Amino acid sequence: MTEELETLKTIESLKAYQPLLDDFSSKSLADRRKKFFEEILPEYWGLFHRRTNAYLAAKGKELPNYDVGIFLVVLSEIPVLFSVASLCPQKIHFIFTPESESTLNVVEKGIGVINSELQGLIKSAGRHPINNMAKLYNGTQNELSSILHECQDQKIALDITGGKKSMICAVVRSPATRTCDLYYVDFLRYEKNRGRPVLGTEFMTCLTSTGSVEAFIDEKKEWLQN
């Protein structure tokens, strides 16, 4: 099966799970949640993994080995867990809010499904809650500074996919993050009418620095045209 046909097949399979993916914490969707993890997630992950490798290969890059991975976790459960599984850092830190506890739980459970070897790392992952939503910007910067101080001279990946805008701004504007490789999970396709991302078209890219967002957009357009 070609990747294009496989993508279409996965997209069709995921449409039935849209309500679940919109609200993973819904108790009424518990049966669907179990089936998603057991039957859909492995196939979903495989497609993401192959597409990400193809995207990086087209740029002449591959994912290096990281000592530390830092992940912003408020939204986007599936893209975040795919990022954790792809980067496979030796040590994991989650920066999240109490409101995103359920999101973090989905990430942690999903990792056990697609890469059981990471289970030990997930259990020992650093959990950094930011308790005051009004101070999300400052809280994120403070947590980042603390983690980076602890992990000096180590190779660090920082994923911004699941963060709120204020958290991402904190990452971009923090001088301390310039030593990190910055990652983001994007989608190849968006719905024309609503601008909503199409499930099953995700891929991950390294922004290389906090100033390379515009360069990434140009690279993505070029890759799609080819």
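Ordered by the number of other Cβ atoms lying within 10 Å of each residue's own Cβ, fewest first, Thr140, Thr201 fall into the sequence Thr201, Thr140.
Cut-off 20 Å, label point 7 angstrom out along Cα-to-Cβ of Gln154: give me the residues of the stretch 99-125 whose amide nitrogen falls inside. Output list for this probe position: 108, 117-125.
Computed about the Cα centre, the dipole magnitude for the stretch 3-225 is approximately 420 debye when only Lys and Arg (+1) and Asp and Glu (-1) carry charge, each at its Cβ.
Cα convex hull, the stretch 3-225: 131 Å³ per residue, rounded to a whole number.
Note on Val172 and Ala57: with the Förster distance fixed at 41 Å, the Cβ-Cβ geometry gives a FRET efficiency of about 0.90.
Kirkwood hydrodynamic radius, the stretch 16-120, all distinct C-alpha pairs: what's the number in Å? Result for the stretch 16-120, one decimal place: 14.6 Å.
Taken together, the values in this text are just the output of simple stated rules run on the coordinates, not laboratory data. These numbers come from a predicted model, not from an experiment. Cβ sites come from the backbone with ideal geometry, for glycine too, and all protein chains shown count toward neighbours.
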